[in-house]
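Take a look at the structure below.
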Amino acid sequence: MKKYLRWNYTELLYAIFGLFLYCCSIKMFIIPNNLYNGGVMGLSQLLRTLILSTTNIKMSFDIATPIYYLINLPLFYLAYKKIGKSFFYRTLFCVTLSTIFLFLIPEIKNPLIDNLLTNILLGGVLCGFGCGLAISVGASTGGVDIIGMILTNKYRKITVGGFGIAFNVVIYSVCGILGGIETMIYSVLYSVFESIILDKLHIRNICSTMMIFSKKHPRAIIDYIKNTLDRDVTYWEAIGGYDDTKSYITYVVLSKYEKNVLELELKHEKFDAFIVESNGVSVLGNFKKKL
């Protein structure tokens, strides 16, 4: 499993626990309140509603779960061909595990809390935290993520988040037609709460800057950043004001995830350096986002 997923045991546990929380939020807060998720899960729920309303078939389980997995099957192939084997294996693992959790977690018939707004707040926070944990270690729940990443690689103006928003606009518009405006509005609010929490945990999406001050020539640091993190750096010579000795300043822009990796490397190698960093900076222009 480590060979194919390329996770250590801690990352694997993060992914499993995050997916479990994500599925709990669906079974405990979304389904009992007759609301809809975004993405492929939301599409599966809409197809379930259409099938049940047109056929009057009664099921002992939520058929949105097998529909969710079936929709992802052709997307697995695209992930393998267009994105990479590691992403394919992780997506296959995560979608399969999510499907198993959705089958095993018992469905609650009545809402846990009478107040609907409280339900969607708790559900959104739980879902966002779970997805954030999974995504922070490179996991993917498939669906819109796969299509968005393929389009991002092909068209520079399209982003994964932008495609996801456009897809969800369609999902929630149909949701409004089938379930009414109130259902649509509360489903959107659930998605908003989820997104706020997820963004706080999705450290690959947060840009950071680092200034590394060292007495020795920073060639080893530069080589590590270029070869391991695939980022370019800028460095210049400076004079220390305290003792007028030569020093070097290395400047680099990274995602917060890459910044954490570099910090661990600097500590491990015991470089004679100190670091000034800034998180959550805005970066414009030719900066490669690594999703």
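For this structure, a couple of remarks:
- Of the trypsin sites (Lys or Arg not before Pro) found in the range 19-101, the ones in coil according to DSSP and having at most 10 other Cβ atoms within 10 Å of their Cβ are LYS58.
- Hypothetical label at LEU117: residues of the range 181-198 whose amide nitrogen lies under 16 Å (7 Å Cα-Cβ projection): 182-183, 185-193
- Residue pairs, from the table LYS216/LYS267; LYS85/LYS267; LYS85/LYS154; LYS27/LYS81, whose Cα atoms sit over 22 Å apart: LYS85/LYS267; LYS27/LYS81
- Helix 256-269 and the long axis of the chain differ in direction by around 40°, with both axes built from C-alpha atoms.
- Gaussian network model of the chain, Cα within-10 Å springs - most flexible of ILE171, ILE113, ILE135: ILE113
- Tilt relative to the chain, helix 144-154 - C-alpha long axis, 0 to 90 degrees, to 10: 50 degrees
- Helix 9-25 axis, angle to the chain major axis (alpha carbon atoms, nearest 10°): 30 degrees
- Chymotrypsin sites (Phe, Trp or Tyr not before Pro), loop per DSSP, at most 15 other Cβ atoms within 10 Å - longest free stretch of the chain: 62-154
- Semi-axis lengths (Å, descending) of the ellipsoid that matches the C-alpha gyration tensor of the range 1-160: 27, 19, 15
- Note on the chain: Rg/Rh from Cα positions, Kirkwood definition for Rh, rounded to two decimals, is 1.07.
- Calculated FRET value between THR55 and LYS85, using beta carbons and R₀ = 41 Å, to 0.05: 0.55
- Estimated translational diffusion coefficient (Stokes-Einstein, Kirkwood radius over Cα pairs, 20 °C, 1.002 mPa s) of the range 205-279: 170 µm² per second.
- Residues GLU277 and GLU237, FRET efficiency given R0 of 22 Å [Cβ-Cβ distance, rounded to 0.05]: 0.55
- Every helix of 4 or more DSSP H residues in the chain counts as -39500 (n - 2.57), and over all residues that averages to -19000 deg cm²/dmol at 222 nm.
Coordinate-derived values only; no laboratory data. Not measured: the values here are computed from a predicted model. Counting neighbours? That spans all protein chains shown, and the Cβs are built from the backbone with ideal geometry, glycine included.
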